[in-house]
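Notes to accompany the following structure.
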Amino acid sequence: MTSPAVLFAPLMLLFAPPLPTGGQDAHLLPRAEQRDAPGADRAAPGWLAIEAARSVPAQAQVRIEQRVIIRIGPRSDSGRQNMSSFVAPRAAPSRRVVEREAGECLPVAAIGAVQPSRDNRLMLYMRDRRVYAARLERSCFARDFYSGFYVERNSDGMLCVDRDKLQSRNGVKCEVQKLHRLVAERD
């Protein structure tokens, strides 16, 4: 809590008695060079303390930092279950999933959801219905990312191999080692 003396100190300086002109308190007076300096007001000696406080040079450096962290959440199964409950099951043509080489980077804004897989990879579900598999570094486990991950946005807006680190909600940080695109092919 702020003390009342701190609040009333500026007012007390306004109503301070004039400084003595000689005698035993003469050592309290400012030197003649300081009194006659431009900007020194001899009519209001109480202002000398305020002027001394104002004469401290102001810092001219300003630093603004901006950090954007994007959260990618887990895939919800409820939407998929609700859509399929109205459709009668029918014999689907046999399909198999094939992995294809993906580039080195993916746009972070295009990632819609994430889900860990059993083979220690993260399945990245894109907003345009494509699916990618992200292999993590050896010391990381995909199951740590069951509730999604955070990634810091770069200037290019991409998630790149051997550059960006994914952070799980429990604090684990892992780099993406490889990206593969999963494609369904008919037999």
- [ ] For Glu137, state whether it is open to solvent by 90 Å² or more (accessible area, probe 1.4 Å) and in contact (Cβ under 8 Å) with a residue 12 or more places away in the chain.
- [x] no
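On the basis of being within 22 Å of the chain's Cα centre (by Cα), open to solvent by less than 10 Å² (accessible area, probe 1.4 Å) and among the small types (Gly, Ala, Ser), does Ser168 make the cut?
Here the answer is yes, as Ser168 does meet what is asked.
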Task: Those residues of segment 91-125 which are of a type in the set (Val, Ile, Thr), in a strand (DSSP E or B) and modelled with pLDDT of 90 or more, in sequence order - done: Ile111, Val114
- [ ] Determine which member of the set Tyr146, Tyr125, Tyr132 is more than 19 Å from Val68 (Cβ to Cβ), touching a residue at least 40 places away in the same chain (Cβ under 8 Å) and open to solvent by less than 40 Å² (accessible area, probe 1.4 Å).
- [x] Tyr132
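Given the criterion under 30 Å from Glu65 (Cα atoms), of a type in the set (D, E, K, R) and open to solvent by 40 Å² or more (accessible area, probe 1.4 Å), identify the matching residue among Lys173, Lys178.
The match here is Lys173.
The values are calculated or read from the model by the stated rules, or taken from the named source; none is laboratory data. Predicted model only: the values in this text are computed from it and were never measured. Cβ atoms come from the backbone with ideal geometry, glycine included; neighbour counts cover every protein chain shown. These area figures cover heavy atoms from the full protein model, side chains too; ligands, DNA and RNA do not enter into them. Shrake-Rupley method; radii C 1.70, N 1.55, O 1.52, S 1.80 Å.
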